[in-house]
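All remarks here apply to the structure that follows.
The values are calculated or read from the model by the stated rules, or taken from the named source; none is laboratory data. It should be emphasised that the depicted structure is a prediction, and the values quoted were computed from it without experimental measurement. With ideal geometry, Cβ positions are generated from the backbone for all residues, glycine too; neighbour counts draw on all protein chains shown.
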Amino acid sequence: MILYLTYNDAPSGVYWSQVTDVVAHLNTLGGPPVRLVALVSPRGFNASRQAIRKRLPDAVVLPMVPKARNWRHNARILALLCRLLKPSGIMARGVFATWMALRMRERGLTKRVCFDGRGAYAAEWEEYRLVDDDKLIAEFRPTEQRAVQEADVRLAVSEALVEHWRERYGYQGNAHVVIPCTLGRELLKPVDADVQAIRTELGWSMDDLVLVYSGSTAGWQSFALLEELLAPLLSADPSCRVLFLSREDPHAEALAQRFPGQVAQRWLDHKAVRGVLAACNAGLLVREGTITNRVASPTKFAEYLSAGLPVLISEGLGDFSSLVEEEDLGWVFRPGKEVPEPQRLAPYDRERLVHFAERHFTKEAFADAYRALLKVLAG
């Protein structure tokens, strides 16, 4: 048996597509069984457990030790599980989970460890201060360095992240695979959307050019830079519209006041988002040039393409900015340069983007890479 370990990850759309769907896929590849172990916050534990086990009935969902600064104590919980389940390997999502998995290897409770690296953890906490705790933030660099250097195999979400490991932590090997954030199974179904009804509800016509931003309002989403991009487009074209599928944000609100009737905000259930995306003309993926963003693999990239949307993306965003130019998937925005003008695509061009997403951003497209990980972890 192989364990897939997550620590302090709350159930969400990202968790479904990048954790539970991954575990389900791994179990179709013919290797040893893979079982999810989720250590979640005691707050709302019953709801989290119920949601996760609805997706994966055999998942082990346990309350983590309270308070982030006590993260090391969770190794005791994992040790008890390993003595019971006797896993040959552990795939660990993030640096804290990987530290725990490495401790299990040291104790002889597992043989192999995979570091599932979703981004540049230390850089993200240093650049965006996800918690106001200097001591905890300072722990990320040495913990991440250990994960990179001591894991038996690594999963990176971008080639840019591998280069970051080489530059910052001296990683010199090739014991890694690169798998970007892929589409969740819910996004593999045909889009069923009443485009005209959606636009009518927004107060917009079928002739309007609608740009959409879908995602959180976290710091790395760079809303100030997004405003720099959108203001010239909204000024130059009265038929240009911007839809924010996000919680309220002051930058979006300021833009709406500056361009009345051209900007709207909505917060939708995760299942309703894709239909609304299909009613738009282009997706927005603009972020500032921090380390966090330079190595990222935003889940929204594949989601935009799967809805038939070209992407207006900032330069240097993981591996995706160059991919947009190489494969004609949209336009690249370079701050300080002329803003690209998004175009309305013909239906066959939108279909091309959907098919591109199906070929390059499904879990099946990376079956060989996943099998390589399982082979190492099987011991």
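Here are a few things to note about the model shown:
- Test: residue in region 299-318 that is in contact with a His (Cβ under 8 Å, 6 or more places away or on another chain) and either surrounded by fewer than 18 Cβ atoms within 10 Å (Cβ to Cβ) or part of a loop (DSSP other than H, G, I, E, B) (or both): no
- In the set E167, E227, only one residue is surrounded by fewer than 20 Cβ atoms within 10 Å (Cβ to Cβ), of a type in the set (D, E) and not assigned by TED's automatic domain parsing to the domain that holds N281; that residue is E167.
- Residues of region 319-334 that are farther than 25 Å from H164 by Cα and in a loop (DSSP other than H, G, I, E, B): D328, L329.
- Tabulated pairs, region 38-56, first touching a residue at least 60 places away in the same chain (Cβ under 8 Å), second of a type in the set (V, I, T), C-beta under 7 angstrom, 6+ apart or interchain: none
- Hits in region 130-160 (condition: touching a strand residue (DSSP E or B) at 6+ places or on another chain (Cβ under 6 Å) and crowded, with 17+ Cβ neighbours inside 10 Å): A147, A151, D152, V153, R154, L155, A156
- Subset of region 87-111 [surrounded by fewer than 24 Cβ atoms within 10 Å (Cβ to Cβ), over 25 Å from the mean Cα position of the chain (by Cα) and in contact (Cβ under 8 Å) with a residue 60 or more places away in the chain]: S88, K111
- Taking the listed residues V61, V34, the one that is in contact (Cβ under 8 Å) with a residue 60 or more places away in the chain and either over 18 Å from F96 (Cα atoms) or in contact with a helix residue (DSSP H, G or I) (Cβ under 9 Å, 6 or more places away or on another chain) (or both) is V34, with no other qualifying.
- Taking every residue in region 238-264 that is without any contact (Cβ under 8 Å) to a residue 40 or more places away in the chain and in a strand (DSSP E or B) and pairing it with any residue that is among the basic types (K, R) and surrounded by 18 or more Cβ atoms within 10 Å (Cβ to Cβ), at least 6 positions away or on another chain, yields no pair with a Cβ-Cβ distance below 6 Å.
- Among the candidates K337, K271, residue that is charged (D, E, K, R), assigned by TED's automatic domain parsing to the domain that holds A236 and not in a loop (DSSP other than H, G, I, E, B): K271
- Among the residues listed as L211, L277, the single one being of a type outside the set (V, I, T) and touching a Pro at 6+ places or on another chain (Cβ under 8 Å): L211
- Some residue of region 334-357 being of a type in the set (F, W, Y) and modelled with pLDDT under 95: yes
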